[in-house]
Amino acid sequence: MDSSVLSVRKLRPYLGAILLQFGYAGIGIIAKSALNKGMSHYTFAVYRNIVAAVAVAPFAFALERKIRPRMTLSIFYKLALLALLEPVIDQNLYYLGLKSTTATFAAAMCNTVPAITFLFACLFRLETVNLRKLHSQAKIVGTIVTLGGAMIMTIVKGSVIELPWTKPNSNSKSIAHPHQSIRGAIMIGAGCICWSLFYILQAITLKSYPAALSLTGLICTLGALQGTVLTLVVERGNAQIWSIGWDTSLLASIYAGLICSGVAYYVSGVIMKDKGPVFVTSFNPLNMVIVAVMSSFILAEQLNVGKIAGATVIVIGLYLVIWGKTHDHSVSTHPQSELIHQSPQNQIPNPHLSKAISGDSVV
């Protein structure tokens, strides 16, 4: 096979993960604008998943008819739990926290997802850790540093960093009470835990239900149904929250449904099959950078020393995790590549290996 084709295939997971972060960055800006104008976060989550289900269903039906596994009770339970974790709990907690904070702060808090995912991946045996290896130590230290950076962003404020486009007549809403910011951070943090669990369960479910498009469509459908029930229970008697006009509310619902649910669930699932859930979430720091730049221009949000310091610590910790993960992958594949490229003169005689290569069984 052509080396250029192999290079493109190797780059696809990285390009896909980067494009995911651009998609997630956009929803932080659009959702904040819609929520500031009074849109209910409950109905926002419902509409988002309805849009995603309607968009994905035709492709899943047409393209995965031959590979779609038979639905079993075990798979259905996993799908229902997946729909509850991310489309219902995570999205509502994230949007509720976003109302009390800023788009940049919410994006920075989401940088804890890779570290939390790494911890859950270790618990569920999806990630290996050897405390005697440097790369494993880097992953552990990076996890602790990342969580420390998130605490810095939550607690430390510091002076405002003045920017020319945010200084005059800023339209960004300042948070009147510190407890609102802490409450928002707690909500987003709890949502990040659910998001991490969603990635772990998605990776597990894909092993028994490898039809990624169908999986995405079913998750969004069940998420819309569960979200509707939640909304009717919490907001009973308030029919006004279901109204939506030709404004940012409609734009946010369509954008979030198509990009952040439909495309994101599918692409992350495809990448996850090869690279695992930790790899998918390790690109979240890019989201923070994109949101910080966009929100300062679009929403006129101001940055302070605490956000910059905490974000810097988060990025350092996360890339310690990424370095450890990458080195872990290279170590696991090194013996095989070394065996393939080893010359006959330097090969160490191994009777069991010789029998395996020749086709004889080794007991």
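The values are calculated or read from the model by the stated rules, or taken from the named source; none is laboratory data. Remember, it's a predicted structure, so these values are computed and weren't measured experimentally. Glycine gets a Cβ as well: all are built from the backbone with ideal geometry, and neighbour counts include every protein chain shown.
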Which members of segment 37-47 meet the condition of being of a type in the set (A, V, I, L, M) and part of a loop (DSSP other than H, G, I, E, B)? MET39
Inside segment 61-87, can you point out the residues that are out of contact with any Leu (no Cβ under 7 Å at 6 or more places or on another chain) and surrounded by 18 or more Cβ atoms within 10 Å (Cβ to Cβ)? LEU84, GLU86, PRO87
Segment 153-178, residues that are more than 21 Å from ILE29 (Cα to Cα) and at pLDDT below 60: HIS177, PRO178
Looking at THR43, THR72 in this structure, which one is at pLDDT 90 or above, more than 21 Å from LEU215 (Cα to Cα) and not basic (Lys, Arg)? THR43
Condition broken by ASN111, with the remaining ones in (1) buried (at least 24 other Cβ atoms within 10 Å of the Cβ); (2) closer than 16 Å to SER282 by Cβ; (3) at pLDDT 80 or above satisfied: (3)
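Would it be correct to say that GLY97 is modelled with pLDDT under 85 and of a type outside the set (Lys, Arg)?
The answer is no for GLY97.
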Is it the case, given these coordinates, that ALA34 is assigned to a helix (DSSP H, G or I), farther than 19 Å from TYR265 by Cα, touching a residue at least 24 places away in the same chain (Cβ under 8 Å) and not hydroxyl-bearing (Ser, Thr, Tyr)? yes
Could you tell me whether segment 58-75 includes any residue that is charged (D, E, K, R), in contact (Cβ under 8 Å) with a residue 60 or more places away in the chain and within 16 Å of PHE198 (Cβ to Cβ)? no
Quick one: what pairs do we get from segment 41-57, first residue touching a residue at least 40 places away in the same chain (Cβ under 8 Å), second outside any helix (DSSP H, G or I) and of a type outside the set (A, V, I, L, M), C-beta under 9 Å, 6+ apart or different chains? TYR42/GLU235; THR43/GLU235; THR43/SER243
Which one is farthest from the chain's Cα centre (by Cα) among residues in segment 14-32 that are more than 14 Å from GLY97 (Cα to Cα) and among the small types (Gly, Ala, Ser)? GLY26
Among the candidates GLN91, GLN137, single out the residue that is at negative phi and touching a His at 6+ places or on another chain (Cβ under 9 Å). GLN91
Within segment 114-138, can you find the residues that are surrounded by fewer than 24 Cβ atoms within 10 Å (Cβ to Cβ) and in contact with a Leu (Cβ under 8 Å, 6 or more places away or on another chain)? PHE120, GLN137, ALA138
Does PHE22 satisfy the criteria of being at pLDDT below 90, surrounded by fewer than 17 Cβ atoms within 10 Å (Cβ to Cβ) and under 30 Å from ILE140 (Cα atoms)? yes
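Suppose we keep only residues that are in contact with a Lys or Arg (Cβ under 8 Å, 6 or more places away or on another chain) and in a helix (DSSP H, G or I) within segment 88-105. Which one would you say is surrounded by the most Cβ atoms within 10 Å (Cβ to Cβ)?
PHE105
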